[in-house]
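The values are calculated or read from the model by the stated rules, or taken from the named source; none is laboratory data. Computed from a prediction, not measured in an experiment: that's the story for all the values here. A quick note on method: Cβ atoms are made from the backbone with ideal geometry, for glycine too, and the neighbour counts reach across all protein chains shown. Remember, those area values only see protein heavy atoms, side chains included, never the ligands or the DNA or RNA. Shrake-Rupley method; radii C 1.70, N 1.55, O 1.52, S 1.80 Å.
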Amino acid sequence: MTEAMRADELRPVRFTQGHLLLLDQRRLPWEERYPSYDDPFEVAGAITSMVVRGAPAIGLAGGFGAALAARRAAALQGLERTRYLERAAEALRGARPTAVNLAWAVDRVLAAAMEGGPEAALAEATRLLEEDIAACKRMGALGAELIPDGATVLTHCNAGALATGGYGTALGVIRAAFESGKRLRVLADETRPYLQGARLTAWELQRDGIPVELITDGMAGHFMQRGEITCAVVGADRIARNGDTANKIGTYTLGVLCREHALPLYVAAPRSTLDLSLESGARIPIEERSSDEVTRIGDLRIAPEGVAARHPAFDVTPARLISAIITEAGVARAPYERSLAALLSI
Ligand code: MRU
């Protein structure tokens, strides 16, 4: 592996020479392209259209989007400036509804902008990026201890460097276990319909030299039944006070399968993914995306013309199916109401 291919250099969100650069994940694994953004409303569009995706990464993009808004607002006066900032913040917050990291980051950068202007806003967005990478590495080190030597780890969607500032949450745990010398292999769910597992997780792990095999989502139960899976590790978009966790559609099914087969299901997420204002997962907003993403693969229509499709992009895994929640501040176990609140107060 060359230096340039090292996974810890995979940075999907960058701010260079006054521009926000986002790795266009819709083009992966075929092409690595970093379109550049200067307009917060275009950043909101990039989040909605999945140029950047993954809860922490869209939070970081939203944070830099808010910093760009502060820069543009500086040319305006009084009420006009406030209105522009509010409109931009609203567009960014609303770009995708499930990941709580987005509103959290936009609000943090907006507060810095109100207090200290555009430089302070950019400094805050940059701090969030650095904090996120550090959090992923810490999470990785803590989570790696839960992965036995020789394990086969199942993961769903992409919760890797691509979904964060760098290093990853679920893939950070896998990466850290691998770097510590444990022998392991990964089964990656392809993750219908957007294929984050096939396109992104397989690509990211292959770059790192971590053994990975792709399976379709429906194969997980088969491999569990045959004793071929040791545990599942996934990311999260929002975790409610009681530990109920929203993550990519299909995660709940994995949770049920893990319970049936007495396998641990671990969730890895930074504390910015915790939303203790919600008492349970029933209150987490679930994004409904276009049915075209189900009836088509890329430009190719796979369902008969005229057939409708449903597309909830996330589901909620009840806390009772989750063996542990790995954060940068420690590993929480049931009862989550108590353990998650304790982690937030550290
Ligand atoms: O629709 P996506 O690709 O943004 O969904 C991403 C996921 O569900 C991830 O598992 C989650 O955001 C955690 S990323 C560290």
Residue within the stretch 117-140 that is within 16 Å of the ligand (Cβ to nearest atom), outside any helix (DSSP H, G or I), touching a Ser or Thr at 6+ places or on another chain (Cβ under 8 Å) and open to solvent by 10 Å² or more (accessible area, probe 1.4 Å) present: no
Glu305 vs. criteria under 19 Å from Ala103 (Cβ atoms) and of a type in the set (Asp, Glu): no
The stretch 69-96: number of residues that are more than 22 Å from the chain's Cα centre (by Cα), in a helix (DSSP H, G or I) and within 17 Å of Gly116 (Cβ to Cβ): 8
Condition broken by Arg238, with the remaining ones in (1) open to solvent by 20 Å² or more (accessible area, probe 1.4 Å); (2) within 12 Å of the ligand (Cβ to nearest atom); (3) more than 28 Å from Leu276 (Cβ to Cβ) satisfied: (3)
Residues of the stretch 192-214 that turn out to be farther than 18 Å from Leu10 by Cα and either within 14 Å of the ligand (Cβ to nearest atom) or in contact (Cβ under 8 Å) with a residue 60 or more places away in the chain (or both), as a count: 4
Single residue of Arg296, Arg289 found to be without any contact (Cβ under 8 Å) to a residue 12 or more places away in the chain and surrounded by 13 or more Cβ atoms within 10 Å (Cβ to Cβ): Arg296
Residue ID - nearest to the ligand (Cβ to nearest atom), chosen from residues in the stretch 299-321 that are more than 22 Å from the chain's Cα centre (by Cα) and open to solvent by less than 40 Å² (accessible area, probe 1.4 Å): Ala309
Subset of the stretch 164-192 [more than 21 Å from Lys137 (Cβ to Cβ) and open to solvent by 20 Å² or more (accessible area, probe 1.4 Å)]: Arg183, Arg185, Glu190, Arg192
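Only one of Ile239, Ile174, Ile229 is at pLDDT 95 or above, aliphatic (A, V, I, L, M) and more than 24 Å from Pro270 (Cα to Cα). Can you tell me which? Steps first, please.
Values: Ile239 fails: more than 24 Å from Pro270 (Cα to Cα); Ile174 fails: more than 24 Å from Pro270 (Cα to Cα).
Ile229 is the lone residue from the list that is at pLDDT 95 or above, aliphatic (A, V, I, L, M) and more than 24 Å from Pro270 (Cα to Cα).
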Top-ranked residue in the stretch 259-287 [being outside any loop (DSSP other than H, G, I, E, B) and among the hydroxyl-bearing types (Ser, Thr, Tyr); ranked as nearest to the chain's Cα centre (by Cα)]: Thr273
Members of the stretch 147-187 found to be more than 12 Å from the ligand (Cβ to nearest atom) and under 21 Å from Gly62 (Cβ atoms), listed by number: none
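Take the stretch 322-346 and flag every residue that is assigned to a loop (DSSP other than H, G, I, E, B), surrounded by 15 or more Cβ atoms within 10 Å (Cβ to Cβ) and of a type in the set (A, V, I, L, M). Write out each step before concluding.
The first filter runs over the stretch 322-346 and keeps only residues assigned to a loop (DSSP other than H, G, I, E, B), leaving 322-323, 328-329, 333-335, 345-346.
From what is left, the residues that are surrounded by 15 or more Cβ atoms within 10 Å (Cβ to Cβ) are 322-323, 328-329, 334.
Once the filter is applied, which keeps residues that are assigned to a loop (DSSP other than H, G, I, E, B), surrounded by 15 or more Cβ atoms within 10 Å (Cβ to Cβ) and of a type in the set (A, V, I, L, M), the stretch 322-346 yields Ile322, Ala329, Ala334.
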